[in-house]
Amino acid sequence: MNIRNNKSGFTLLEVIIVIIIVGVLASLALPRFFSTVEFSKSSEALSNMGVVRQALERCYLSSSGTYVGCTMANLDTDDPSTAPGTRFTYSISGATVSAYTIQATRLTVDGGDGTSWIRLIQTIGGVTRTGSGRFIGIK
């Protein structure tokens, strides 16, 4: 009598090799994924900065054509930093007769690092956006 021993399936070595390959691919892809997710949160900051910018323009008109004295405290809009669930703090600096800077700094909540920022700089020549940390390259 001939008994055939037909074993099918994967060997332990093959399974280990597949696990190693999946681990290497995950270690390459996950940091990029989390970086992309964090960068996408910049849309919240840019939207709120737009609201602050509009309030600054109204302050400019009511202050006889100057941004001097226009602060978050005296704008005719709520400070977006105080909204529930916000991921950023907002500040106005460098307010002169014809220019200002709005900065959104990432909080440590929801995976933030607490140091990355986005700046919107308004001058006579136009608007410039810059970023640091996870927001480098924002336009």
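Per the conditions (1) farther than 15 Å from LEU120 by Cβ; (2) surrounded by 13 or more Cβ atoms within 10 Å (Cβ to Cβ); (3) out of contact with any Asp or Glu (no Cβ under 7 Å at 6 or more places or on another chain); (4) of a type in the set (Lys, Arg), the sole criterion not satisfied by ARG53 is (1). Selection within the range 119-139: residues that are assigned to a loop (DSSP other than H, G, I, E, B) and among the aliphatic types (A, V, I, L, M). The member of this set that is farthest from SER47 (Cα to Cα) is ILE124.
ARG58 meets the conditions (1) in a helix (DSSP H, G or I); (2) at pLDDT below 90 in every case but one. The failed one is (2).
Which of the numbered conditions does ARG58 fail, given that it passes all the others? Conditions: (1) loosely packed, with under 11 Cβ neighbours inside 10 Å; (2) in contact with an Asp or Glu (Cβ under 9 Å, 6 or more places away or on another chain). So the condition that ARG58 fails would be (1). I'd like the full set of residues that are loosely packed, with under 15 Cβ neighbours inside 10 Å and touching a strand residue (DSSP E or B) at 6+ places or on another chain (Cβ under 6 Å), limited to the range 72-112. Answer for the range 72-112, where residues must be loosely packed, with under 15 Cβ neighbours inside 10 Å and touching a strand residue (DSSP E or B) at 6+ places or on another chain (Cβ under 6 Å): SER93, GLY94, ALA99. Looking at the range 102-110, is at least one residue out of contact with any Phe, Trp or Tyr (no Cβ under 7 Å at 6 or more places or on another chain) and modelled with pLDDT under 85? Checked against the condition, which is being out of contact with any Phe, Trp or Tyr (no Cβ under 7 Å at 6 or more places or on another chain) and modelled with pLDDT under 85, the range 102-110 yields at least one hit. Looking for something at positive phi, of a type in the set (Gly, Ala, Ser) and in contact (Cβ under 8 Å) with a residue 24 or more places away in the chain - is there at least one such residue anywhere in the range 65-79? Looking for residues that are at positive phi, of a type in the set (Gly, Ala, Ser) and in contact (Cβ under 8 Å) with a residue 24 or more places away in the chain, one finds at least one in the range 65-79, hence yes. Just so you know, in the range 84-93 the residues that are in contact (Cβ under 8 Å) with a residue 12 or more places away in the chain and part of a loop (DSSP other than H, G, I, E, B) include one that is nearest to GLY111 (Cα to Cα), and it is ARG87. When residues in the range 95-126 are screened for being among the β-branched types (Val, Ile, Thr) and in contact (Cβ under 8 Å) with a residue 60 or more places away in the chain, 1 of them pass. When we screen SER8, SER27 for residues that are part of a loop (DSSP other than H, G, I, E, B) and more than 30 Å from THR128 (Cβ to Cβ), the only hit is SER8. Checked against (1) modelled with pLDDT under 90; (2) of a type outside the set (Lys, Arg); (3) touching a strand residue (DSSP E or B) at 6+ places or on another chain (Cβ under 6 Å); (4) buried (at least 19 other Cβ atoms within 10 Å of the Cβ), GLU38 passes all but a single condition, namely (3).
The values are calculated or read from the model by the stated rules, or taken from the named source; none is laboratory data. For clarity, every value in this text was computed on a predicted model and none was experimentally measured. Every residue, glycine as well, gets a Cβ built from its backbone with ideal geometry; the counts of neighbours run over all protein chains shown.
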